[in-house]
Each structure stands twice: as C-alpha cells, then as structure tokens.
Amino acid sequence: MIQITVKDVAYAYGRKQVLRGISHVFEPGTFTAIMGKNGSGKTTLLHCINKMAAGFSGEIHLGASDVRRLTLEELAQVTAFVPQGQDAVFGSSVFETVLLGRLPFMTWAPSETDYQIVDEVLAALQLQHFSTTDIRHISGGERQKVFIARAIAQKTPVILLDEPVTYLDIKHQLEIMTLLQELAQRGYNIVMVVHDLNLALTFCSRFLFLKNGNVVYGGDQSQINEALVESVFEVGASTMRDATGRRLFSFEVKD
Ligand code: ADP
C-alpha cells in the first residue's frame, strides 16, 4: 500500500510553465481520474511522478521515498506506467510482452512465479487466446489491453495510466475500468488520465481536475457539479440521472 504525495510541484518545458504548484495526495485503495482540457498538464504530472520529467520543483514521495532518490530499478518495483498510444515496433508475442512486466523482479531468467503471474493476468483480461500471437497482428484496442496487462503483471502497488481506454470499444473500456476498480479496492493506488467524465464517474473514486497547470479540484465526486465542470472543460454542462439513479453529465458547446 503506497501513498503518492505531491507537494507544490512545478514544471516547465524550457520557458513554458506547464505545472504551477500542484499539491495532491493519491491514497492507496483509490482509483483517481486526472482530468482537464488538452494541454492542462495531466501527462506531465504523471511523468513527474514516474521520474520521466526530470527537473521538477517541489516534492514527490512514493510512500516514504523521495522519487528523486529512487533508482529506476527501485521505481519499477513501485510504479508501473502505461503511456499513451504505444505502437508495437518489435514483433514479440503477447505472452512475451506481458512477461516484460516481470523484468524488474527477475535475476537472470523468468521464474515459475513470473510465468504464473503472466498466465493469471492474461486470463483476467481475456487475452489467453492471443498468447502466442505477434502483438503487431492484433487490433489497436487489443494491443492496448496487452500493455495494460504488462503493467498489471508488474504487480506494483502504484499503476499510472495515460488515457488507457481512449481508443477502446465500449466492451473493452468496461473490462479495463472494472479491473482497475477491483485492483484499487484491493489496495492498489491507481491513477489514470481520462477524458470521459461519465466513465470516470462510474468507476473512479477520486478526481483531480487540472486547469492551466493548477489544481481546480481534488476529491471525491460529491462536489463535482455543473459549475465546476463548465469551468474546467469550458463547455455547457447539465446533470441527469440514468435508470439506476446514477448522476451523469451531458455537454454542449459554450459560446
Ligand atoms: P495534457 O496531458 O493535459 O494534454 P501535457 O502535460 O501533455 O498536457 O502538456 C502540457 C503542455 O506542455 C502542452 O501545452 C504541451 O504542448 C506542452 N508540452 C508537452 N510536452 C512537451 C515537450 N516535450 N516540450 C515542450 N512542450 C511540451
């Protein structure tokens, strides 16, 4: 169980200030949706947490460890990262790709446990029948599932995902979101950049809204109202209830 503590984090690409003093605590056992308009700094924040954006100011701790002091190997035992839109350049099988998630834990060769973990994750994501297929020969959505499977196989207490469901069909979206929600309920700390507010409201337990590199809202969904959504996403927004009583938003272009 690992808490992510982000304190006063600022980041600039050259002269372009992208994060302007972000403070937020991501608690273990929660599934957080990071949301905001394109360019608001969501990916950059994930990159700071995962030490891919070097040179941020402020502090980020994973549990008690200062991220800056962790070696990449130590980091890979705490966080798994699923970047945006990964293309399969190399031809390896689905099984081999997911097995790569075990690399931070291997000494010189995969153990029986590593193989077993990969089998379990492939089964959980219904990817077993693709096990021996070259990842270049499956659909983009299925490939995305394989990359998520690789992160889950890493078995780290923290999983960071950058728009993992954006290009998936509805069935795959629901499968992935359900699995991530279950992992969070088991104590994992799941942090995901996502654009679909209604999908996030259905599955996520925490929300971090960014605007121009600032936190506009951090908390559960009880305080997410039309005015907040209109301001963060710069659209008209209204709420409604679906047949099960769930609160959802509809949107319209605002002049
Ligand atoms: P989001 O994920 O919310 O769309 P990003 O964190 O990707 O936002 O980007 C925030 C801003 O930083 C954007 O304006 C983007 O153009 C800029 N940016 C992102 N990556 C780089 C980079 N490598 N070099 C320069 N500017 C960048």
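The values are calculated or read from the model by the stated rules, or taken from the named source; none is laboratory data. These figures come from a predicted structure and were not determined experimentally. Note that each Cβ is placed from the backbone with ideal geometry, even for glycine, and that neighbours are counted across all protein chains shown. All accessible areas refer to the heavy atoms of the entire protein, side chains included, with ligands and DNA or RNA removed. Shrake-Rupley method; radii C 1.70, N 1.55, O 1.52, S 1.80 Å.
The chain: longest stretch without exposed chymotrypsin sites (Phe, Trp or Tyr not before Pro) (DSSP loop, at most 14 other Cβ within 10 Å), sites themselves excluded? Don't skip to the answer; put the middle values down first.
On the way: sites that count: Phe90, Trp108.
Here the longest segment lacking exposed loop sites spans 109-255.
Measuring with a 1.4 Å probe in the full set of protein chains, what accessible area per residue, in whole Å², belongs to the chain?
Working: 12360 Å² over 255 residues.
Here the per-residue accessible area is 48 Å².
Which order do Ser111, Ser40 take by accessible area at a 1.4 Å probe, largest first?
Details: Ser111 50, Ser40 5 Å².
Sorted by accessible area, descending: Ser111, Ser40.
Give the separation of the Cα centroids, the stretch 36-110 to the stretch 193-237, in Å.
25 Å
Give me the distance in nm between label points sitting 7 Å out from Cα along the Cα-to-Cβ direction at Asp66 and Gln221, one decimal.
About 3.9 nm, to one decimal.
Exactly which trypsin sites (Lys or Arg not before Pro) in the stretch 205-253 are in a DSSP loop and have at most 14 other Cβ atoms within 10 Å?
Details: sites: Arg206, Lys211, Arg241, Arg246, Arg247; in loops: Arg246.
Answer by residue number: Arg246.
Please grab the % of Cα pairs in the chain that end up more than 22 Å from each other. All intermediate terms of the calculation are to be shown ahead of the outcome.
On the way: 18125 of 32385 pairs.
Summing the P(r) of the chain above 22 Å gives 56 percent of all pairs.
Just how many % of Cα pairs in the stretch 87-155 lie over 18 Å apart, if you round to the nearest whole percent? Intermediate values should be presented prior to the final figure.
Details: 659 of 2346 pairs.
I get 28 percent for the Cα pairs in the stretch 87-155 exceeding 18 Å.
Give me the orientation-averaged projected area of the Cα convex hull of the stretch 13-154, in nm², one decimal.
10.4 nm²
At what distance in nm do the modelled label points of Gln181 and Thr239 sit from each other, each positioned 7 Å from its Cα along Cα→Cβ?
Label at Gln181, label at Thr239, 1.8 nm between them.
Run the accessible area of the stretch 1-133 with a 1.4 Å probe and give the carbon-and-sulfur part as a rounded percent. Don't jump to the answer; show the numbers that get you there.
Working: 3600 of 6940 Å².
Carbon and sulfur together cover 52 percent of it.
How much net charge surrounds Val94 when only other residues with a Cβ under 13 Å from its Cβ are counted (Lys, Arg +1; Asp, Glu -1)? Can you show the working numbers first?
Values: positive: Arg136, Arg143, Lys145, Arg150; negative: Glu96, Asp119, Asp134, Glu142.
Residues close to Val94 contribute a combined charge of 0.
Identify the residues of the stretch 93-120 with backbone N under 17 Å of a label point that sits 7 angstrom from the Cα of Glu73 along the Cα-to-Cβ direction, or state none.
Residues passing the 17 Å test: 101-111.
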